[in-house]
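Working notes, structure below.
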Amino acid sequence: MLVLALLVTVVWLAGRHEIEQTQSVLERDTADAVADLRGDLQRNAQTLRASLAGGVDAQQWEVRAAALLREHREWLRLEWLDPMMRTLAASDTPYRRRIFDDQHRSESFSDVSLACVTARKLGAPAFSPSHYIAIAQGSGLEVMEMCLPVEGGGYLVAAYSLRDILIELVAPTLSRGQEVAFTEIDGTRLVAIGAQRRMGTRVFTAQQLIDLPGAPVMLRVDGWRAVPDLFPNVLTALVTGISIALVSVLVLLARDTRRRQRAEEDLADALAFRKAMEDSVITGLRARDLQGRITYVNPAFCEMVGFSAEELMNSDREAPYWPTELAHEYQHRQAVRLAGAVPPREGFESVFMHKDGRRFPVLIFEAPLINAHGFQTGWMSAFIDISEQRRSEELSRASQERLQASARLATVGEMASLLSHELTQPLAAIASYATGSLNLLQAKGPSGDSDHDDVAMAVQRIAEQADRAGQVIRSVHDFVRRRDRTREAVAPQALIDAVLPLVRLQARKLGVDIEVVLDERLPMVYCDRTLVEQVLLNLARNGMQAMDVPELTQRVLRIKVVRAGAIGRGRDAGTAADARRWLEFSVTDFGAGIGDEVAARLFTPFFTTRSDGMGLGLSLCRTVVEQHGGVLIFEPQQPRGTVFRFTLPVK
């Protein structure tokens, strides 16, 4: 606004200055013209006085007067009067027809007489007031007389044409392009010459008083000037243009300043947001230039290695958090990275050293650091301290092993009560057969063939029952003590036979019949034998417990092994031809089935419907099957009961 106000003021002042200059020039020219008129009138008076030099008579004077009239076009008539104001001699201008006669002369003679009286008093020329003399065809002349007293009495009178005075005595340049006029003191226009006013022009007026003795008149000059343009001159136009340019620059600068302020505010918000985000994350961030120097670290990284940002960025050592024994390896890896090698997207593990000397594992992700122009200026690295992850994995592994061992021990503990009852029978039979055999062998008298047959049969029964008891003991021992986690090719029949003695122990207690169905020529499965046996045992025990209700009359547990069919076959499932690569194990009971609420949480760890259950059996079973690439599902059995199916890969 100030610049706009200044611009308007400059233009206005320039216009005023232009007007004042024009007016000043006009007034100066008018003053010069008035001075020239006075000088010319005085010279005319001296010339007229010189016409009487040498004591001339009237006739000689008329000759001189005619010569003067030819030289001075502004004179209309010259007269020589005696002291009584009578005409001694007279001469008219040759450039006009005679306009003075006795009538016209008598009308203006009173004014001439007054002028002569004034001249006699002043001893200098005096002028009469102007008067109008009409001539033919309605025109006329504005005339004034000058009376000059002469020595020895008498007067010389010169009649001036006011228009001719302007034409002859005023410089032609004054009347070029403007109007020059004689006016009365009150402003009445007498005569005027020069250009007429044009449309669209402005009037500049200057007036100067011509103080003629006896008849003062005003010289008025009206200058016609075109209305000044908006920019009066080149300098003003230049200043205006510069001012407009300055205003435009200020406007653009104001807009740019506002944009910059908004950008700075947005940048400050973004920086504050980034700083808050960097301070809140637990991932360490580090930026390096192309020479390997650290240019930025976030607080998480400083906390991770125990060094401050200043110590890391101003350190003389290459990386103070590198372990001494691994520094050479890290230097080589950094050289390879700075040479342009692209790091793996999944990251890589490394070991860093805390300021206190403690080592800890980290997972490193690196990516090129690209600037706004698309050029790489270094490398940006992200670090994750995986110490807790390693401890958690170790704890999880240990817990998994403890849970599996606990599950096996719980199973063995539950079977221990059945084992004592189950072993009582074969041991009692062994004792009975042994006692009978001793009695037979110690009996007196000849022994017949029938006795030998009885002894042989008894000894055979003893061997069978002893083998049966040993098989039960070996099954329990192998199940509890086995720690091998390697996978091997196992026949499906061998898996069933390994758990069948333990299953039958509980089946006898609950009154459940065991039914085993296997397809012919089944291939061997590739699995961890101990874990799969535990899966079969858990599913069999769950099925038998589901049928432990008083109202149930049909208690049959069916264990079946066939080639995989419609059931999903895990991650390696494909077309129907893939069925040859999988075997399907199923355990079917005829219990009450599984409700919808229980089915939704059936495989949830620590969820159980038994008061003495741990809730880990089915969860561990599904984990074991999925680790082998298979899938464990369940579905209702018609007319009642539940079928659990799982798949294992074929060797």
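The values are calculated or read from the model by the stated rules, or taken from the named source; none is laboratory data. Keep in mind it's a predicted model, so treat the numbers as computed, not measured. Cβ coordinates were reconstructed from backbone atoms using ideal geometry, including for glycine residues, and neighbour counts include every protein chain displayed.
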Item to complete: With the condition kept exactly as written, say whether any residue in segment 113-120 is farther than 15 Å from Gly214 by Cα and surrounded by 16 or more Cβ atoms within 10 Å (Cβ to Cβ).
Response: no
Discussion item. Whether any residue in segment 403-415 is touching a helix residue (DSSP H, G or I) at 6+ places or on another chain (Cβ under 8 Å), more than 30 Å from Gln291 (Cα to Cα), surrounded by 14 or more Cβ atoms within 10 Å (Cβ to Cβ) and at pLDDT 70 or above is what I want to check.
Written reply: yes
Worksheet item: If you check Leu620, Leu583, which single one turns out to be at pLDDT 70 or above, assigned to a helix (DSSP H, G or I) and in the same structural domain as Cys527 (by TED's automatic domain parsing)?
Response: Leu620
Practice prompt. State whether one or more residues within segment 86-101 are under 21 Å from Leu212 (Cα atoms), among the hydroxyl-bearing types (Ser, Thr, Tyr), out of contact with any Ser or Thr (no Cβ under 6 Å at 6 or more places or on another chain) and buried (at least 19 other Cβ atoms within 10 Å of the Cβ).
Written response: no
Worksheet item: Inside segment 486-543, can you point out the residues that are aromatic (Phe, Trp, Tyr) and either more than 22 Å from Trp582 (Cα to Cα) or outside the structural domain of Phe590 (by TED's automatic domain parsing) (or both)?
Response: none
Discussion item. For the structure I just gave you, tell me whether Pro636 is modelled with pLDDT under 80 and out of contact with any Lys or Arg (no Cβ under 9 Å at 6 or more places or on another chain).
Written reply: no
Discussion item. If Glu18 meets every condition in (1) over 60 Å from the mean Cα position of the chain (by Cα); (2) assigned to a helix (DSSP H, G or I); (3) not small (Gly, Ala, Ser) apart from one, which number is that one?
Written reply: (1)
Worksheet item: Among (1) at pLDDT below 85; (2) touching a Ser or Thr at 6+ places or on another chain (Cβ under 8 Å), where does Ala287 come up short?
Response: (1)
Response to the item:
Just one listed residue, out of Asp256, Asp266, is outside the structural domain of Trp12 (by TED's automatic domain parsing), farther than 29 Å from Ala5 by Cα and of a type outside the set (A, V, I, L, M, F, W, C), and it is Asp266
Fill in: Positions within segment 32-61 being loosely packed, with under 14 Cβ neighbours inside 10 Å and either under 60 Å from the mean Cα position of the chain (by Cα) or of a type in the set (A, V, I, L, M) (or both), in sequence order
Ala35, Ala50, Ala53, Ala58
Worksheet item: Say we look at segment 201-215 and pick out the residues that are at pLDDT 85 or above and polar (S, T, N, Q); which of these is farthest from Val34 (Cα to Cα)?
Response: Thr205
Worksheet item: Looking at Glu179, Glu145, which one is in contact with a Gly (Cβ under 9 Å, 6 or more places away or on another chain), under 30 Å from Asp32 (Cβ atoms), charged (D, E, K, R) and surrounded by 13 or more Cβ atoms within 10 Å (Cβ to Cβ)?
Response: Glu179
Worksheet item: Out of (1) under 18 Å from Cys621 (Cα atoms); (2) crowded, with 19+ Cβ neighbours inside 10 Å; (3) not aliphatic (A, V, I, L, M), what's the single condition that is false for Thr486?
Response: (2)
Item to complete: Kindly establish whether Leu141 is in a helix (DSSP H, G or I) and in contact with a strand residue (DSSP E or B) (Cβ under 8 Å, 6 or more places away or on another chain).
Response: no
Practice prompt. Would you check if Ile559 is surrounded by 17 or more Cβ atoms within 10 Å (Cβ to Cβ), in a strand (DSSP E or B) and not charged (D, E, K, R)?
Written response: yes
Discussion item. Suppose the filter is over 21 Å from Val217 (Cα atoms), assigned by TED's automatic domain parsing to the domain that holds Asp211 and surrounded by 18 or more Cβ atoms within 10 Å (Cβ to Cβ); does Tyr160 pass it?
Written reply: no
